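Input: a single structure, listed below in structure tokens.
FYI, it's all coordinate maths here, none of it is from the lab. Remember, it's a predicted structure, so these values are computed and weren't measured experimentally. All Cβ positions, even for glycine, are placed from backbone atoms using ideal geometry, and neighbour counts span all protein chains on display.
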Amino acid sequence: MIKRKGFIPSLLFGSIILCTIAVIAFFVFQGDEAREIIKDGFSDDEQVSQTDEEVINEHGNISNLEALDTFIDKLQDKQKAKINVIQYGIEGQKVVEELTYNGEDVHVYRSVDEEFIEEYRCENVVKNEDDRKKQYILKQCTGNFTGDTVLLSENIED
């Protein structure tokens, strides 16, 4: 009988190559969906809008505020939703608050210049409005922050 040298190492190496190809194929064909499920914390098949809504506050000049009103409407209807509230500091730093509603509570992920700062969960987002000011308030938050906090405030001009 002829003994082949290197048969078992070749078999192991070939198996590793096949497994690597299978993992790469999975992430190429299913990776985006898997990453979204993991990132957003959604475990069921219900889809969330693929377009991220953004509200931008550049030193009091707020654009796309109606998207935040739509986000609040979805919360009241118990529909999953996601929005980014972007605010710029006086030194130019970019503060992003990513709000994700999963049907039960609002997950807030805050970063400054793409560096993680804090995350917490809130029971609700409400809009308070009077003659002079409109405020969007995160209510009953827990985690890295506890309590209520103003997410965004806009002065109403006469």
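Can you give the FRET efficiency to the nearest 0.05 for Gln76 and Asn155, using r as the Cβ-Cβ distance and R₀ = 25 Å? Display every interim value, and only then the final one.
Values: r = 25 Å, r/R0 = 1.01.
The formula returns an efficiency of 0.50 here.
Please work out the FRET efficiency for the pair Asp130 and Asn64, using the Cβ-Cβ distance as r and a Förster radius of 35 Å; give the result to the nearest 0.05. Can you show the working numbers first?
Details: r = 22 Å, r/R0 = 0.64.
Result of the calculation: an efficiency of 0.95.
For region 49-124, divide the Cα radius of gyration by the Kirkwood radius and give the resulting Rg/Rh value with two decimals.
Working: Rg = 12.6 Å, Rh = 12.8 Å.
Reported Rg/Rh (Cα atoms, Kirkwood Rh): 0.98.
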Gap separating the Cα centres of region 118-136 and region 93-108, nearest whole Å: 13
